[in-house]
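Each value in this text was obtained by applying a stated rule to the coordinates, not by laboratory testing. Bear in mind the structure is a predicted one, so any value in this text is a computation, not a measurement. Note that we place each Cβ from the backbone using ideal geometry, even for glycine, and neighbour counts take in every protein chain shown.
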Ligand code: SAM
Ligand code: DTB
Ligand code: SF4
């Protein structure tokens, strides 16, 4: 298997992003198959354990206290509430629970102790546990690791250049520092970003440079399309087109071959065909459940139907990278629609087998 390349320039990444689409898809899909089973998709469930009232000013976020959004704010959930939700997620096919808190940073004390207990509890259910709690010290990362945390999500969100236009209450370097603290523990790193926030293509490339340059590269990279929420400064932003999402996923896959690329926020706006192209381009993870943190997501039934159609299967937990496999066409994949319906024309009904008889007669 090829070496992972950590040195990338924005120009090189832009050149990949802007390739003719068929070339880009072919290259991304080829790399994807070398490193992953193309029919497996990791499924995570988000759980907002503390919602809203955040002191930060992230321009995209409905949970920032300073914006007047319509979300229901909630204090920290109890451990038993979290356990009940995690069990539901497991039953619906998720292998990972990602707990999000609307905090700027983690503070040592009873609330952090409660989160550690949540981590221990979900871990006992044989599920991967992820947290996204804001900035973290090295010691806090180690305590989370001891409790059994599998992944920590901390997004770079955009390029270093554009970051200050989106968030003023912390800096891009603060994000890198927290990711560094997570890396000092044995917790895996989940870090990605958002497209559709008014950034230029060079900012998308800049974000991917920052992620791909990390050594090791993040084990997972969520690619979110902005969910424009009424009340936030980005409420009126145009939705990103599916083509941009496909290009971003494919480019991420090419520059980070072993990473799990998560098709994250924004799926309610995407057709199944669009999502299928994202999976082909190398996305191999989704958030499942009808709610992300505060905004809607496709419901589990719809996603499972899409998986069935595409012949995709949820990935089992605790595989640090999925293994490549030879792909064999299964009967169910060849005949996804089951029996053919009757072939009808106004005033005329004919069964397929009758047609066969008719045509063999015609041949004499
Ligand atoms: N407060 C913590 C932090 O900022 O790291 C954790 C929770 S925060 C909601 C996690 C991530 O959700 C953000 O970094 C951002 O990438 C994503 N996010 C938030 N609002 C979003 C939106 N409206 N559309 C897309 N992604 C969003
Ligand atoms: C990530 O990259 N996306 C998730 C998760 N990590 C925490 C969050 C998406 C949030 C979308 C807006 C909302 O539902 O509040
Ligand atoms: Fe707070 Fe996180 Fe939302 Fe920023 S993204 S406002 S830090 S919850």
Order by protection proxy (mean Cβ within 10 Å, highest first), peptides 214-225, 77-88, 254-265: 254-265, 214-225, 77-88
With the 8 Å Cα cutoff and a minimum separation of six or more residues, the chain has a relative contact order in percent of 23 percent
Between 0 and 90°, nearest 10: helix 138-147 axis offset from the chain longest Cα axis: 50 degrees
Give, in nm to one decimal, the length gained when the segment between residue 291 and residue 164 is fully stretched (0.36 nm per residue of separation minus the Cα-Cα distance). 42.9 nm
To one decimal place, what orientation-averaged projected area in nm² is obtained for the convex hull of the Cα set of the chain? 22.4 nm²
What angle, in degrees between 0 and 90 and rounded to the nearest 10, separates the Cα long axis of helix 79-91 from the longest principal axis of the Cα atoms of the chain? 20 degrees
Classified through the alpha carbon gyration tensor (a ≥ b ≥ c as square roots of its eigenvalues; rounded if a/c is under 1.5, else prolate when a/b is larger than b/c, else oblate), segment 66-159 comes out rounded
In deg cm²/dmol and to the nearest 500, what is the mean residue ellipticity at 222 nm of the chain if only DSSP H runs of at least 4 residues count, each as -39500 (n - 2.57), divided by the residue total? -12000 deg cm²/dmol
Per the 1/(1 + (r/R0)^6) rule, R0 = 51 Å and r from the Cβ atoms of residue 238 and residue 124, FRET efficiency to 0.05 is 0.70
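How would you order 184-197, 166-179 from highest to lowest mean count of nearby Cβ atoms within 10 Å? Each step should come with its number before you reach the end.
Numbers: 184-197: 22.3, 166-179: 17.4.
Going by the mean number of other Cβ atoms within 10 Å, highest first, we get 184-197, 166-179.
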Taking the Cα centre of each part, how many Å lie between segment 239-259 and segment 42-74? 25 Å
Which percent, to the nearest 5, of DSSP beta bridges fully inside the chain are antiparallel? 10 percent
If I fit a long axis through the Cα atoms of helix 300-310 and take the longest principal axis of the Cα atoms of the chain, what angle between them do I get, 0 to 90°, rounded to 10? 50 degrees
Please work out how much length the chain gains when fully extended from residue 171 to residue 271, using 0.36 nm per residue of separation minus the C-alpha to C-alpha distance, in nm with one decimal. 32.5 nm
